[in-house]
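Novice: What follows is a single structure, and I will ask about it in a moment.
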Amino acid sequence: MKATQGTAADPAQTVLNNALPDGDGEPSGVEPPVLGGPEQTDYYLLDNLLTDEQRALRKKVRAFMDAEVTPIINPYWERGEFPFELVPKLAQLDIAGFQISGHGSPGMSNLTAGLVILELARGDLSISTFMGVHSALAMMSVGLLGSEEQKQRFLPPMARLEKIGAFGLTEPAHGTDVVNLEATARRDGDCYVLNGHKRWIGNATFADYVIIWARGDDGHVGGYVVEKGTPGFDARVITGKTALRCVQNAQISLTDVRVPAEQRLAHVNTFRDTEKVLLASRFCVAWESIGAAVAGYETALAYARQRKQFGMPLAAFQLVQYRLSRMLADITDMLCMQFRLSQLLDQGEYSMPRVALAKMHHTERARAILADARDMLGGNGILLDYHVARHLCDIEAIDTYEGTDTVQALIVGRDITGHNAFVPVAPGH
C-alpha cells in the first residue's frame, strides 16, 4: 500500500518514500515534505526565555502562514503576481506596525516583532517583505518622524491594512550612495512640488501612501507622503525578476507632483533622520534571513528523514547528518545573536553597526543553508512544490536590499577601525 493511503499512517511518514515501483509497476507517490515545528530549530531552548504571549503570537503567525500562505503562494510567485486575497487575512493577525505604539499599532517589543517577522519569512519572503515595507518602512517613517497630527491621520488605517504604505528612497542612479539622491521638493505656496525618479520601490504600484524622500530648496532631505492618485505620480512594475516575484517593485516617475505642506513629515531635517527608519528596517531584514534559513533547514531535515535511497533514509548517511548539523549550528548562532541584539534595542541601545553586523552575517548564512537544502533535495529541490527553490531565489534579494553584505561590512569596519572606506581618501587630501 502506498504511504499516502489509509487513515492510520503517521502524517510525517506519508509525505515521502523512495520512488520505487509499487505492486502495479507505477512509481509510488512522492509528495512535498511538511515543514517541521520550532522544536527542530530551538536547540538551545531560547523559547524558554519568551513570555506566554510571545509564544502564542509566534504560534499564531506560524499557523497562519502554514494554513493560508504556503498552500497558495507558488502559483502567484510563478506568475509574478501579488496575492491581494491575503491582505484582509493578514489584517486579522493585528501585527501591522510591529514596534509602533498607539494609533492602532500593536507596540511590540523588538524581540516580539522579530519573532513575528521570522515566522512570516519562514512561510514566504514576499509576504514578509510586503509587511516589512508597509510596517517597518512606511509606517515607521510616520511613527518616528511624523507629527502627532500626521500619526493620527495616517497610522490607524495602515494598522488595519485598509491603507497600504510604500517607501520611496532608492533611485535609478543611487542605491548604495542614496545619500546623494536627486529627487527634488520645491516649495510652492501651501504645497511641495516633487520631481525625479525612484526605483525598486516595493508595494508602490498599489500603495495608498508612498513616503517619497526628496531634497528640498535648502539642500536637505525630507519625507513627503504622496497619496494614491496624485497627478504626476507614475509607478510602473518592474518585470523579469528572479527573486521576490510576488513583490510589486516599481519604477516611479515624479512629474510636478504637488503634495500639501502638511504631508511633509514634521521631524525630518536631514538624511540622518532617514537612517533612524533604515535601522529599524534593517533589523527586520536580519530576522527575515533567519526565517528563510529555518524554512530551508526544516525542509531538508524532513526530507532526509523520509526520503530513502539504497534502502535507508537519507538521514542515516554521515554526510547528510554533517550538513544538517552545520545548518543547525548556523541557525542557533543567528538566533542567539539576534535575541541579544533585540534585547539591546529594547534597552535603548541603538547602533547601526550592530544591526549591520547581524544583517551581513544572517543573509550570508541563510544563502548557504538554502543552497545546501536545495542540494540535499536533489532534483526535487528545484521544484516550487518543495518551497526551498522559492526561498533560495528570494534570499538573493534579501541579501541585496537594505544594503548588501559588503555595505554592511563597511559600516562595521568604519566603526571598529575609525576609517571610512566607503569612498577612501588618501591622508592629507
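The values are calculated or read from the model by the stated rules, or taken from the named source; none is laboratory data. Given the structure is predicted, the values throughout are model-derived calculations rather than measurements. Note that each Cβ is placed from the backbone with ideal geometry, even for glycine, and that neighbours are counted across all protein chains shown. Just so you know, the surface numbers come from the protein's heavy atoms only, side chains and all, with ligands and any DNA or RNA stripped out. Shrake-Rupley method; radii C 1.70, N 1.55, O 1.52, S 1.80 Å.
Novice: Determine whether segment 315-323 contains at least one residue that is outside any helix (DSSP H, G or I) and either among the hydroxyl-bearing types (Ser, Thr, Tyr) or surrounded by fewer than 20 Cβ atoms within 10 Å (Cβ to Cβ) (or both).
Specialist: Yes: segment 315-323 contains one or more residues that are outside any helix (DSSP H, G or I) and either among the hydroxyl-bearing types (Ser, Thr, Tyr) or surrounded by fewer than 20 Cβ atoms within 10 Å (Cβ to Cβ) (or both).
Novice: On to the next question. Where the second residue is among the aromatic types (Phe, Trp, Tyr) and in a strand (DSSP E or B) and the first is farther than 15 Å from Ser253 by Cβ and touching a residue at least 60 places away in the same chain (Cβ under 8 Å) and lies in segment 213-235, which pairs have Cβ atoms under 8 Å and are six or more apart or on separate chains?
Specialist: Filtered contacts from segment 213-235: Trp213/Tyr224; Gly223/Trp213; Val225/Tyr209.
Novice: Continuing with this model, one more query. Counting just the residues of segment 383-418 that are aliphatic (A, V, I, L, M) and touching a Lys or Arg at 6+ places or on another chain (Cβ under 7 Å), which one comes out surrounded by the fewest Cβ atoms within 10 Å (Cβ to Cβ)?
Specialist: Among residues in segment 383-418 that are aliphatic (A, V, I, L, M) and touching a Lys or Arg at 6+ places or on another chain (Cβ under 7 Å), the one surrounded by the fewest Cβ atoms within 10 Å (Cβ to Cβ) is Leu384.
Novice: Kindly indicate whether Val142 is under 30 Å from Ala293 (Cα atoms) and either open to solvent by less than 40 Å² (accessible area, probe 1.4 Å) or in contact with a Gly (Cβ under 7 Å, 6 or more places away or on another chain) (or both).
Specialist: For Val142, the condition - under 30 Å from Ala293 (Cα atoms) and either open to solvent by less than 40 Å² (accessible area, probe 1.4 Å) or in contact with a Gly (Cβ under 7 Å, 6 or more places away or on another chain) (or both) - is not met.
Novice: Anything in segment 187-232 that is closer than 19 Å to Tyr401 by Cβ and either among the polar types (S, T, N, Q) or out of contact with any strand residue (DSSP E or B) (no Cβ under 9 Å at 6 or more places or on another chain) (or both)? List them, or say none.
Specialist: Asn203, Thr205
Novice: Six or more apart or on different chains, Cβ under 9 Å: which pairs go from a residue in segment 305-318 that's in contact (Cβ under 8 Å) with a residue 40 or more places away in the chain to one that's open to solvent by less than 70 Å² (accessible area, probe 1.4 Å) and assigned to a strand (DSSP E or B)? Could you list them?
Specialist: Arg305/Pro313; Gln306/Pro313; Arg307/Pro313
Novice: Take the residues in segment 166-176 that are of a type in the set (A, V, I, L, M, F, W, C) and open to solvent by less than 30 Å² (accessible area, probe 1.4 Å); name whichever of them is farthest from the chain's Cα centre (by Cα).
Specialist: Step by step, filter segment 166-176, then rank; the result is Leu169.
For every residue, the table says whether it meets (1) buried (at least 24 other Cβ atoms within 10 Å of the Cβ); (2) modelled with pLDDT of 95 or more; (3) touching a Ser or Thr at 6+ places or on another chain (Cβ under 9 Å).
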site	(1), (2), (3)
Pro106	no, yes, yes
Thr112	no, yes, yes
Asp124	yes, yes, yes
Phe130	yes, yes, no
Gln150	no, yes, no
Arg153	no, yes, no
Ile164	no, yes, no
Phe206	no, yes, no
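Novice: From the list Arg282, Arg326, Arg264, exactly one residue is over 20 Å from Cys393 (Cβ atoms) and open to solvent by 60 Å² or more (accessible area, probe 1.4 Å). Which is it?
Specialist: Arg326
Novice: So which residues in segment 44-93 are outside any helix (DSSP H, G or I), open to solvent by 20 Å² or more (accessible area, probe 1.4 Å) and farther than 30 Å from Arg236 by Cα?
Specialist: Tyr44, Leu45, Thr51
Novice: Now, a different point. Go through segment 230-245 and give me each residue that's outside any strand (DSSP E or B) and among the hydrophobic types (A, V, I, L, M, F, W, C).
Specialist: Ile238, Ala243, Leu244
Matching residues to (1) part of a helix (DSSP H, G or I); (2) at pLDDT below 95:
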site: Met360; (1), (2): yes, no
site: Ala371; (1), (2): yes, no
site: Asp375; (1), (2): yes, no
site: Ile395; (1), (2): yes, no
site: Asp399; (1), (2): yes, no
site: Thr406; (1), (2): yes, yes
site: Ala409; (1), (2): yes, no
site: Gly413; (1), (2): yes, no
site: Val423; (1), (2): no, yes
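Novice: Can you say whether Ala295 is within 15 Å of the chain's Cα centre (by Cα), more than 24 Å from Ala138 (Cβ to Cβ) and either modelled with pLDDT under 95 or open to solvent by less than 60 Å² (accessible area, probe 1.4 Å) (or both), as far as the supplied structure shows?
Specialist: Here the answer is yes, as Ala295 does meet what is asked.
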